[in-house]
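I have placed the structure first, in the form of structure tokens, so that the comments after it can refer back to it.
Just so you know, all these numbers are worked out from the coordinates, no wet-lab data involved. Just so we're clear, the structure is a prediction, and the values are computed from it rather than from any experiment. Here the Cβ positions follow ideal geometry from the backbone for every residue, glycine too, while neighbour counts run over all protein chains shown.
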Amino acid sequence: MSRKPILCLGFLVLVFASLTLIVPGRPFAQENMIKRAKIFEDTYELISESDLNCSFYMHEEGKLLPDIRIIGGERMNEKSVFSDGDVIYINKGAADGLEIGQLFLTVGLRARVAKLGTVMERHGRARVVRLEDRMATAKVEKGCGTIQAGDFLIPFEQEAGEIGKDLGFGDMDPNASKHGKVVYIENDFHIAGTGQWALIDMGRQHCVQIGDQLNVFYRARPNLPREAVASAIVIDVRGGTSTVKILGARDIVSIGSEVQLNVAR
């Protein structure tokens with residue numbers, strides 16, 4: 001057989017195969033594409049870089065505050081808040097173990113929550129660019145809050161976000177898993193909605209882990225059944241508290257709202 005008929009035969013096979021994917025009665029390929037699209041829509045970035053580096057956590061009672069602080073910055077006579085590219089001065093230097101290029105997360109005191117501790121906000125990053133024995137100069141990178149003199153610095157650790165599916169919210173057996181309540185909401189607000197951060201009074205002591213999802217409930221009166229109003233995911237865990245992000249809500253989340261883990265541990 002000559003080479004030309006073989007090539008023609010191969011071409012006809014390819015054409016026929018492609019037609020079987022689109023002609024009526026052969027929906028298999030289209031169904032697969034739709035299924036893949038649905039899976040993609042169901043999964044998304046549940047925990048983002050902003051959640052990890054710009055949210056807040058509870059500095060719990062009895063724990064020491066960081067000893068590295070911002071003591072000033074360039075052009076302090078013109079500004080009190082520092083942002084990307086600004087130069088700041090730090091109260092520690094080479095004699096304290098700091099190194100050129102070292103990256104820190106800046107955090108500031110926000111609000112005190114009775115019996116639990118003080119809310120610490122993450123304000124951005126700063127990289128050491130110059131060193132002296134007892135002082136260092138750093139440049140602000142990726143600021144996302146009000147960085148100012150008096151803020152603390154802690155070594156920056158890169159953490160991975162999380163891709164997944166919002167498990168949603170609905171009725172749960174109150175005895176199926178551990179539960180607690182919302183004790184603080186972003187910016188000292190009393191209510192929150194989708195995408196906002198909050199603190200709950202559950203942490204490592206209650207076997208809570210980053211990535212855990214919770215249901216949030218509202219109860220109109222103590223003698224009435226609770227109603228599921230939102231889903232949330234844990235983005236930071238401390239001893240007795242955790243930071244959560246509200247993934248989806250049909251009603252407001254407020255301080256005092258009940259939360260319950262979606263898993264039994």
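Tabulated values for the structure
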item	result
Close Lys-Lys pairs in region 53-143, where close means Cα under 25 Å and separation is 8 or more or interchain	7
Calculated SAXS-style log₁₀ I(q)/I(0) at q = 0.11 Å⁻¹ - region 115-215, Debye, Cα scatterers	-0.54
Label-point separation, T118 to E78 (7 Å along Cα→Cβ), nm	3.1
Projected area averaged over orientations for region 222-265, convex hull of C-alpha atoms, nm²	4.2
FRET efficiency estimate (nearest 0.05) - Cβ-Cβ, D171 to N223, R0 25 angstrom	0.85
Chain lengthening between D96 and R204 when straightened (0.36 nm per residue, less Cα-Cα)	35.7 nm
Fewest-first sequence of S242, S48 by Cβ atoms within 10 Å of each Cβ	S48, S242
Lys, Arg +1 and Asp, Glu -1 on Cβ, resulting dipole of region 166-261 about Cα centre, debye, nearest 20	180
For region 148-153, Karplus couplings with θ = phi - 60° (6.51, -1.76, 1.60), whole Hz, Gly/Pro x	8, 4, x, 5, 9, 10
Proxy reagent accessibility, fewest Cβ within 10 Å first, across K181, K139	K181, K139
Residue-span extension gain [R130 to L64] - 0.36 nm each, minus C-alpha spacing	21.0 nm
P(r) histogram, all alpha-carbon pairs of region 166-261 included - 10 Å bins from 0, percent	18, 56, 25, 1
Whole-angstrom gap from region 178-226 to region 67-138, using each part's C-alpha centre	31
Unit Cα scatterers, Debye sum, region 49-155: log10 I(q)/I(0) for q = 0.14, 0.16, 0.20, 0.22 Å⁻¹	-0.52, -0.67, -1.00, -1.15
Relative contact order %, region 49-155, counting alpha carbon pairs below 8 Å whose residues are six or more apart	37
